[in-house]
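Working notes, structure below.
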Amino acid sequence: MDLPNPDHVLRLAQELNLKVHQVAATAQLIAEGATVPFISRYRKEATGLLDEVQVTAIRDRLEQMKAMDERRAAIVASLQERNLLTPGLEKSIHAATTLTALEDLYAPYKPKKRTRATIAREKGLEPLADLLWAQDAATDPVAAASAYAGRAYTPDDGKNTPQQIKDADEALAGARDILAERISDDKDARARLRLIFQKEATISSKVMFGKEAEAAKFKDYHQWSEPLAKAPSHRVLAMRRGETESMLIMRVTLADELRAPAELEPLFVRAKNPAGEQVRLAVQDAAKRLLSPAMETEMRLESKKRADEVAIKVFADNLRELLFAAPLGQKAVLAIDPGFRTGCKVVLLDRQGKLLHNDVVYPDRHEAEAKEKLAGFVKFFHVEAVAIGNGTGGRETEAFVRGLGLPPAIPVVMVNESGASIYSASDVAREEFPDHDLTVRGAVSIGRRLMDPLAELVKLDPKSIGVGQYQHDVDQPALKRSLDDTVVSTVNGVGVELNTASKQLLSYVSGLNAAIAANIVARRDEKGPFKSRAELLEVARLGPKAYEQAAGFLRIRDAANPLDGSAVHPESYPIVEQMAADLGVSVADLMRDGKSRAKLKLENYVTEKVGLPTLTDIVGELAKPGRDPREQFEAFSFSAGVNKPEDLKPGMKLPGIVTNVTAFGAFVDVGVHQDGLVHVSQLADSFVKEPAAVVKPGQKVMVTVTELDLARKRIALSMRSKPEIGPKTQGGPGAPRAAAGARNTPPSPRPPAAPQSLNGDWFTAALNRKK
């Protein structure tokens, strides 16, 4: 077990504005193998009530600090090996607090490829460079360089062919190359220029020559520029994608080419004399040839990192909302995967989601038979809800089912089937339904998503669900880490029914992994349902530590001990039993009787390890044991008769469901197989800075159709009370800025962006991002 580094703890407490003991306790728990959900839920006294976000921040920052320490050690070892480490340099290296500062210190000593300065040193010109660097008034650069003319040297290029320095000009040029590299490696020069680029650099893009037509989807970026510091993540990622696809050229530069050398000259040019002039020329060369390209590379990486962080957060937030979607609950479901040409695949699921029967109906070709079959299924299997996938033919299938005259108590629900086809072809689906084809598996997934979205969606790679923004362009390990954290947080926040959960769902429970989850299911299949949480200790490879981390998040409905069905951790059972004993009632009575709980004086149960925060949580859980934090399910219906884009008309008001939230707006499904975009300027009557603050995936909204472009499959929507109908409701490249009249721009002295309509190619870019 790696103990927390005290220096890291102190620094992290300062960075995150937390108390030292909070960070120290959290770091210790993490080092001992505790998970984020466990720490934030069951160790509140130790951490001082830190939530999951704060605990995660500590975990991630500690990992970054550890990685930096490893890099620091590698640099020190490299310098020692080459006898380059001085006491002063070592002190500076250990004092560096950022990776950038550390690399700047190492830059002059880093092994380099054969550069112009390397060649100049091979020519023996370093003494001349040192002479110029001193900038002595008595130095005559030309005379000093003439002494090197005709001097022989052997370049270290593998050929070992002797050569000569031609003349003084060649000697001076070589000396300046050495000085330019020396200037480029200077940490103060790099820091100063880095700050200028961070504040003043412009990011720009233009179309590759001759690819104007081929790069049509990037039309808004064919000639685009804006301040890098203000460039939103989606535009940065859009330009980078265009560059990756060899459609665009992207640059990060300073508007004034003289800005960099003018800033650096005072650092190095100390005299106005011939030698100082040579140093000035070296500064100009270093700024243009070495430092500016290096800063451009840094800024590209830095802006990419910032853009990735925003995009990943958008994805994680959207995923959390989808996973937290309201479940229908345990009801018998008839699920349909629409398909008019190949038939609609129908499956019947019991209240636990078990497949009972499957069939195919053809509403378009054999209408009477299809009606008879579906009505018979509803009656025979006591169907309590109908789930219909929202893919091709979904709205037509919905209309057909509604025409059956089913009892009002049976809701007919359209279900987002994004990723269902990926699940149906996965190893998970094949293992679960080895004797059924892809269509049956897909229909089962649709039905189960209605019953419990969380339990079904965890079987998918989150990236296949379709709620990301440039998800394939961002840092993939960082994306996976964030999405895994989101799934783990959601699963443990909801809680998992131990006796019915799949091994995929169980694997996300705090303290468990895929192997232990599989062992739990195997134990369940072999010996029947778990009767108590304590029986978990019988599972292979599930030891005391895993039990401690997992037990509180696992529920056993109707267990002999009612606490096993709650979020009360087994380590707190003695406290609850003591509470009940003090009141002269059973634990079950204490959970049922609010008047008994009201008599409790929690301060009487405070111990060294258990304080009022945990005791308050315990009493709250006793009142609603195993409470599902997800919202109550409400059935939703699209507008009847609006099944395809051609049915839409500008000015129509329609109910819709938010399918994706991005930094520039939200996509909404209005039931026509083509999502419409509500730009950020159209989300509300007031200014909206973050779309996620107004809408979330799965939210039911009312929208107005403001503009249509059927040829290009573009639908512009608005959630404003009095939207502007027709063109010029939105604007800007990729993710448009507010247009005139949209009023989504806070007071600013800058003029508004030129309004654009659906004819602008930002809409295509937006749809591409959604995909």
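The values are calculated or read from the model by the stated rules, or taken from the named source; none is laboratory data. If you're wondering where the values come from, they're calculated on a predicted model, not measured in any experiment. FYI the Cβ positions are ideal-geometry reconstructions off the backbone, even for glycines, and counts take in every protein chain you see. Areas reflect the complete protein model, heavy atoms only, side chains present, ligands, DNA and RNA absent. Shrake-Rupley method; radii C 1.70, N 1.55, O 1.52, S 1.80 Å.
Residue by residue, here is whether (1) open to solvent by 40 Å² or more (accessible area, probe 1.4 Å); (2) closer than 26 Å to LEU29 by Cα; (3) touching a helix residue (DSSP H, G or I) at 6+ places or on another chain (Cβ under 7 Å) holds:
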{"position": "ASN492", "(1), (2), (3)": "no, yes, yes"}
{"position": "LEU506", "(1), (2), (3)": "no, yes, yes"}
{"position": "GLY528", "(1), (2), (3)": "no, no, no"}
{"position": "GLU538", "(1), (2), (3)": "yes, yes, yes"}
{"position": "GLY552", "(1), (2), (3)": "no, yes, yes"}
{"position": "ARG555", "(1), (2), (3)": "no, yes, yes"}
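Here GLN549 does not qualify as of a type outside the set (D, E, K, R) and more than 35 Å from the chain's Cα centre (by Cα). If you take the residues in segment 147-200 that are among the polar types (S, T, N, Q) and part of a helix (DSSP H, G or I), which one is nearest to LYS304 (Cα to Cα)? Residue satisfying both the conditions and the ranking: GLN198.
Filter segment 424-455 down to the residues that are among the aliphatic types (A, V, I, L, M), more than 18 Å from VAL386 (Cα to Cα) and in a helix (DSSP H, G or I) and list them by number. Selection gives VAL428, ALA429, LEU438, LEU454, ALA455.
When you scan segment 75-87, how many residues do you find that are assigned to a helix (DSSP H, G or I) and either over 15 Å from ASP104 (Cα atoms) or of a type in the set (S, T, N, Q) (or both)?
Within segment 75-87, the first condition is being assigned to a helix (DSSP H, G or I), and the residues that meet it are 75-81, 87.
Right, trim to either over 15 Å from ASP104 (Cα atoms) or of a type in the set (S, T, N, Q) (or both) and you get 77-78, 80-81, 87.
The total comes to 5.
For segment 34-46, the set of residues classified as open to solvent by 30 Å² or more (accessible area, probe 1.4 Å) and either in a loop (DSSP other than H, G, I, E, B) or without any contact (Cβ under 8 Å) to a residue 12 or more places away in the chain (or both) consists of THR35, ARG43, listed by residue number. Of the residues VAL347, VAL360, the single one that is in contact with a helix residue (DSSP H, G or I) (Cβ under 6 Å, 6 or more places away or on another chain) and more than 21 Å from PHE636 (Cβ to Cβ) is VAL347. Checking each residue in segment 47-65 for being part of a helix (DSSP H, G or I) and in contact (Cβ under 8 Å) with a residue 60 or more places away in the chain picks out GLU52, THR56, MET65.
Assess whether VAL619 counts as being of a type in the set (Val, Ile, Thr) and open to solvent by less than 10 Å² (accessible area, probe 1.4 Å).
no
A single member of HIS382, HIS357 is in a loop (DSSP other than H, G, I, E, B), farther than 23 Å from LEU457 by Cβ and either among the aliphatic types (A, V, I, L, M) or open to solvent by 20 Å² or more (accessible area, probe 1.4 Å) (or both), and it is HIS382.
Return a yes/no flag: does segment 231-243 have any residue that is open to solvent by 70 Å² or more (accessible area, probe 1.4 Å), of a type outside the set (A, V, I, L, M) and either more than 30 Å from ASP130 (Cα to Cα) or not in a loop (DSSP other than H, G, I, E, B) (or both). No, the conditions are met nowhere in segment 231-243.
Scanning segment 541-550 for residues that are open to solvent by 50 Å² or more (accessible area, probe 1.4 Å), at negative phi and in contact (Cβ under 8 Å) with a residue 24 or more places away in the chain gives a single hit, LYS545. Comparison of ALA518, ALA501, ALA443 shows that the only residue that is small (Gly, Ala, Ser), closer than 30 Å to LYS345 by Cβ and open to solvent by 10 Å² or more (accessible area, probe 1.4 Å) is ALA518.
So that you can scan it fast, the table gives a plain yes or no per residue for (1) of a type in the set (A, V, I, L, M, F, W, C); (2) open to solvent by 50 Å² or more (accessible area, probe 1.4 Å); (3) within 15 Å of ILE203 (Cβ to Cβ); (4) not in a helix (DSSP H, G or I):
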position: ALA260; (1), (2), (3), (4): yes, no, no, no
position: LEU267; (1), (2), (3), (4): yes, yes, no, no
position: ARG270; (1), (2), (3), (4): no, yes, no, yes
position: ASP285; (1), (2), (3), (4): no, no, no, no
position: LEU301; (1), (2), (3), (4): yes, yes, yes, no
position: LYS305; (1), (2), (3), (4): no, yes, yes, no
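For segment 425-472, what are the residues that are under 16 Å from the mean Cα position of the chain (by Cα) and either under 16 Å from VAL360 (Cα atoms) or not hydrophobic (A, V, I, L, M, F, W, C) (or both)? ASP461, PRO462, LYS463, SER464, GLY466, GLY468, GLN469, TYR470, GLN471, HIS472 - these are the residues of segment 425-472 that are under 16 Å from the mean Cα position of the chain (by Cα) and either under 16 Å from VAL360 (Cα atoms) or not hydrophobic (A, V, I, L, M, F, W, C) (or both).
On the basis of being more than 25 Å from the chain's Cα centre (by Cα) and either acidic (Asp, Glu) or open to solvent by 30 Å² or more (accessible area, probe 1.4 Å) (or both), does LYS19 make the cut? The answer is yes for LYS19. Scanning segment 134-168 for residues that are under 55 Å from the mean Cα position of the chain (by Cα) and open to solvent by 60 Å² or more (accessible area, probe 1.4 Å) yields ALA134, THR154, ASP156, ASP157, GLY158, LYS159, ASN160.
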